[in-house]
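The values are calculated or read from the model by the stated rules, or taken from the named source; none is laboratory data. Nothing here was measured: the structure is a model prediction, and the numbers come from that model. Don't worry about glycine lacking a Cβ; one is built from the backbone with ideal geometry, like all the others, and counts go over all protein chains shown. Quick note on the areas: whole protein, heavy atoms, side chains included, nothing else; ligands and nucleic acids left out. Shrake-Rupley method; radii C 1.70, N 1.55, O 1.52, S 1.80 Å.
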Amino acid sequence: MLSILKSLWTVLVTMFRKRVTIQYPEERPYLPPRWRGRIILSRDPDGKERCVACHLCSAACPVDCIALQAAEDETGRRYPAFFRINFSRCIFCGYCEEACPTYAIQLTPDFEMGEYLRKNLVYEKENLLISGQGKYHGYSFYRVAGLAVGGKDKGEAQNEEKPVDVKSLLP
Amino acid sequence: MFSVLSVKDMVTIYIDSKPYEVKPDQNLLQACLTLGFDLPYFCWHPAMHSVGACRQCAVKLFKDEKDTRGRIVMSCMTPVAEGMRLSVDDAEARSFRASVIEWLMLNHPHDCPVCDEGGECHLQDMTVMTGHVYRRKRFPKRTHRNQYLGPFVNHEMNRCIQCYRCVRFYRGIAGGRDLNVFSCHDNVYFGRHEDGALESEFSGNLVEVCPTGVFTDKTLKRHYTRKWDLQTAPSVCVHCGVGCNTIAGERYGSLRRILNRHHRDVNSYFLCDRGRFGYEFVNSEKRIRSATCLPFSASGGKPHGEESRKIGKQAAVDQITKILASAKGVIGIGSPRASLETNFLLRKLVGPENFFAGLSDTEHRLVARIVAILREGPARTPSLQDIRAADAVLVLGEDAPNTAPLLALAIRQSVRNKQFEIAAKMRLPAWDDNAVRNSGAGARSPLFVATPYATRIDDIALRAFRADPVGIARLGFAIAREIEPSAPELPLAADGTGQDIPALAREIAAFLKAAKHPVIVSGTGCLNEQVLAAAANISRALCLAGPSAQLSFVLPECNTLGSGLLGGRTLDEAFTRMQDGLADTVIIAENDLYRRAGRREVDAFFRKARHVIVLDHLRNPTVERAEIVLPAATFAESSGTLVSSEARAQRFFQVFLAEGDVQAGWEWFDDLQRSMGKQPPGSETRLDDVTALLGREFPLLAPASSAAPPASFRVAGQKIPRQSHRFSGRTAMTAGADVHEPKPADDADTALAYSMEGHEGAPPPALTPRYWSPGWNSVQALGKSPQETGEETNSGESGVRLIEPTGSAPGYIGPETIGSEDWEATVAPPRYRIFGSEELSMQAPAIAEMARRAEDIPRQATGGNASHE
């Protein structure tokens, strides 16, 4: 008897508390930018693919759900020939983003990925690549790297001297 | 741990106050690495020894137990001594090593994500090992322009840390001339004097020798995969008869690269470019992936120009069974480039009397002679390690740099033994590379090269002799007679070259007799049996006269000696049998007959044949003539055994599962036997069953079954994984086709598994799929493997020698016992090319490009000379 009254009292008190339930999907929750949701591939400030196909994300992935193949264009710039994430395996741990040396792979605050068919959860590069820079602005790996790629010769990267003249003996 | 060596052979050193027993004839770095200490180094290499250039391997040495201050020394330049006290873990030594790395990294570019060395980079490993994390230098980095170095090696000079390993290997070991160090102070540049393909046939080793990403594999770059993503298996090179041990790596169903697998007695640390870059034939457009059949025509002939159709595995087997059942007579032609198992099961399928070895007639005769010489003795075949240890070498009629490149490299290393001898007399340690070279002052052990054409080892030869094969045989017979007067004589007709054969023979004989370990190298290259007889007679004469001479025969293909040991009839007999109407059906296993006999003969043979069944990897002229084509697995898609020129049976292991109907030749023949009712249906034949059966029928080949551990081999109940523990993409690589992951394939034929799971430690050498050790991701992890540290001296090397001479040779081979055709050699002896003479490697684009260049260069060169004169 006493326990029933106690329960009724608890219900009564709770009725006047602030609601935490959100009427999803009519009402949208706030998700911070660093929330770990759907994975995207971003572009650098020049609008070129940031991913250099270094395979670090796939190595970091604890469920091995990232597969890619490196390729090189005629200027020596490396990019993924294909880039596939199997979201039906992904655990959204964010290790890929941590491992990425170029800010290419980023997790976004989007989680609405439900599908009726598992195979629709397999995202290829065209599904992953966005047209913007994502969360991290202004970084371009090839401006820092020593490699010569299209539009950037040896010695033109940040903090680099002009190439050495091997035939000179001057100090 | 070192139970094999008696305690007296060892000295005790104290590392961080703990006593350790080590071998005395080494330097401290080697001793520390052997004991398992993680001591960083760059310029030291087990094959190139110490020069003390990089200052990375610093340790602290103490005078005695009371000394607390100590002094920093370079461990690679300090010999091990009894009672020595040192500290690897000393704070000062550690900070010294950390600052050396920091200097080396000052100008190292921010490249790792796009560097092909990343993930297997010695510089990365050493940087992590010393704990250098952040760059403190704020000033700009030095940059360099790259060079074009040909289709094999990519150059990215910014990454260089000036360890000098590349030039020391290229010039000091491989004898190349076109790679050097240029410029001065901190601008030094490693490259060629101008852009152009590297000329040495060992240039690919720069990829493994370079501790960072300056020299990387250009063929890998086109289908780049990180080391941890490759599915790898131990393999054996199929591009010549030397039988170098390799590690082959696959990703997404295509073969990606070949790395060296260390074998003390064979290739040790290096491979030739044909072996390293020839692998791409496996991915060739010309690969046969499905069983095809020409539409059946009423005449039973093979209609030309008609589209063949895919029929599938089972239908092909059924159809061949039908053909074989109704055939008047069947001819089975094996191949010197197919495994022992494939040849053997074809022989079983068609019966021994219908089995033909598939060698050209000349080669057949020569190989039979070689087998007889090697079996009867008295000279033993040397391993490459024995050749490296030789103190006098005679090359008789074999262009080894083109037909057996690694053997030529062993010869090149052997001539340095004189320097080691001089250094030993001056009590210099053998590992002190600069001291040995300086004290030797260019002295060389005697090498004599007698070949029809100039060779690339002439530069280190004491005498080079040019003559036709008969002239070379004359010289050989004369040498044998000089050593031992009872050797048969050969009339010394004037050979027209104006060379004084008797005087040369006397000189060579004197050097060979004076040597402790002379080696005679000959082979089938001259296509002349007299040359073989001459080589055999010299070795016999030497064995009778005293020194234990060894005799090496170079054979052209990966299993030529295996074919010779299996026997089988000659191709000529097959042609005759077909022309006489005694047979109407032919099965050809992995053999292009147009490379073995004249076009007209082969054409006539195929015209006469009612049914032609060909099993091969690649489309070739013989495949074009086939009615039924069966796709055969290459070395990377099947397991089997090959017999090298040294008579060492070695196992190669399947790297990945082939697509389509592709399966190993021996599996096809087993299916056919089963379908014909020669094998009970339902039972399964495994690789080990085939080698066991082979051993029962050929007692000489019985040891081949122990060339590698059997399929039942386990370490702590586990198989050896083909994939690294970092292997990635398992749940995504096939998701594009089907989101449901397939069950990992079972491998019932070998002790390796298509999995990341299994034994983590070091497997036996014959089953080593990769070199890795915690903290050591690069190929230098080899130094941590039991083979190198000497922990497993009894675990056995990979492969097993099949022939030890019985010494039953009745006597010298008289010139009169050899057919007259070798006396009237009117045809010029063939000229071999490392890139171009071998069938399979020519289907690799990079090798084909080098072969094309080689054809262009002489033309340009002659043009250039003409304009000079």
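Some values worked out for this structure:
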quantity	calculated
Antiparallel content of DSSP bridges confined to the stretch B:570-689, in %, to 5	30 percent
Drop in accessible area of at least 40 Å² in the complex versus isolated chain, residues of the stretch A:24-58, 1.4 Å probe	A:Cys54, A:His55
Exercise: per-residue mean of other protein chain Cβ atoms within 10 Å, B:184-195	2
Mean Cβ count within 10 Å, highest first, over the residues of peptides B:464-474, B:332-342, B:15-25	B:332-342, B:464-474, B:15-25
Sites B:Val188 and B:Glu601, calculated FRET efficiency, Cβ-Cβ separation with R0 56 Å, nearest 0.05	0.40
Occluded residues from the stretch A:69-93, i.e. those whose accessible area drops by 30 Å² or more once the chain is not alone (1.4 Å probe)	A:Gln69, A:Glu72, A:Arg78, A:Arg84, A:Asn86, A:Arg89
Lys/Arg +1, Asp/Glu -1 at C-beta; the protein assembly as shown dipole; positive extreme among B:Gln650, B:Pro845, B:Ala745	B:Ala745
Given charges at Cβ of Lys, Arg, Asp, Glu: chain A dipole, positive-most of A:Asn120, A:Ile4, A:Pro163	A:Ile4
B:Ala514-B:Glu82 FRET efficiency (beta carbon distance; Förster radius 30 Å; 0.05 resolution)	0.25
Dipole magnitude of the stretch B:524-658, debye to nearest 20 (Cβ charges: Lys/Arg +1, Asp/Glu -1, about Cα centre)	100 debye
Residue-level accessible surface for B:Trp772, protein heavy atoms, 1.4 Å, Å²	100 Å²
Protein accessible area in chain B, 1.4 Å probe - carbon and sulfur %	51 percent
Cα-projected label distance for B:Thr806 with A:Thr75, points at 7 Å along beta-carbon direction, nm	7.2 nm
Under 12 Å from the Cα of B:Lys23 - aspartates and glutamates, other chains or at least 8 residues apart	B:Asp9, B:Glu82
Percent of beta bridges antiparallel (DSSP, chain B, rounded to nearest 5)	55 percent
Contact order relative to length of chain B, as percent, for alpha carbon pairs under 8 angstrom and 6 or more apart	15 percent
Rg and Dmax [Cα atoms of the stretch B:378-558; Å; Rg one decimal, Dmax integer]	15.8, 50
Computed helical MRE - 222 nm, chain A, DSSP H runs ≥ 4 contributing -39500 (n - 2.57), nearest 500	-4000 deg cm²/dmol
The stretch B:586-642: projected area of the alpha-carbon convex hull, averaged over directions, in nm²	4.2 nm²
Positive-end residue, the protein assembly as shown charge dipole about Cα centroid, Cβ charges, pick of B:Ala454, B:Gly440, B:Asn559	B:Gly440
Long pairs among A:Lys125/B:Lys218; B:Lys18/B:Lys60; B:Lys286/B:Lys310; B:Lys18/B:Lys66; A:Lys125/A:Lys152; B:Lys328/B:Lys608, criterion Cα-Cα beyond 18 Å	A:Lys125/B:Lys218; A:Lys125/A:Lys152
Lysines whose Cα lies under 17 Å from that of A:Lys18, excluding same-chain neighbours fewer than 8 positions away	none
Accessible-area ranking of A:Arg78, B:Arg427, B:Arg55, B:Arg369, largest first, probe 1.4 Å	B:Arg427, B:Arg55, B:Arg369, A:Arg78
Nearby aspartates and glutamates by direct alpha-carbon distance to B:Lys313 (threshold 14 angstrom, same-chain neighbours under 8 apart not counted)	B:Glu659, B:Asp661, B:Glu667, B:Asp670, B:Asp671
Per residue value of the accessible surface for chain B (all protein chains in place, 1.4 Å probe), Å²	38 Å²
Degrees separating the helix B:91-104 axis from the principal Cα axis of chain B, which is the longest one	60 degrees
Tilt relative to chain B, helix B:361-376 - C-alpha long axis, 0 to 90 degrees, to 10	60 degrees
Estimated dipole of the stretch B:5-105 in Debye, rounded to 20 [Cβ of Lys and Arg +1, of Asp and Glu -1, Cα centre]	200 debye
Sum of side-chain charges, B:Leu561 neighbourhood, beta-carbon under 14 Å (Lys, Arg +1; Asp, Glu -1)	+2
Chain B: Rg to Rh, with Rh as the Kirkwood radius over Cα pairs	0.98
Accessible surface of B:Ser724 - all protein chains present, 1.4 Å probe, nearest 10 Å²	10 Å²
For the stretch B:112-155, residues shielded by at least 50 square angstrom of accessible area compared with the chain on its own, probe 1.4 Å	B:Pro113, B:Val114, B:Pro140, B:Thr143, B:Arg145
Angle in degrees between helix B:845-868 and the longest Cα principal axis of chain B, rounded to the nearest 10	80 degrees
Cα shape, the stretch B:5-105, gyration tensor, a/c 1.5 rule	oblate
Dipole magnitude of the protein assembly as shown about its Cα centre (Cβ charges: Lys, Arg +1; Asp, Glu -1), debye to nearest 20	2660 debye
Heavy atoms of B:Met733 accessible to a 1.4 Å probe, total area in Å² rounded to 10	50 Å²
Sequence ranges B:641-651, A:134-144, ranked by mean other-Cβ count within 10 angstrom, highest first	B:641-651, A:134-144
Surrounding net charge for B:His740, when Lys and Arg each add one and Asp and Glu each subtract one, Cβ distance under 14 Å	+3
Between A and B, accessible area buried - total, square angstrom, nearest 100, 1.4 angstrom probe	3700 Å²
Average projection area in nm² (convex hull over Cα atoms of the stretch B:107-283, one quarter of hull surface)	11.3 nm²
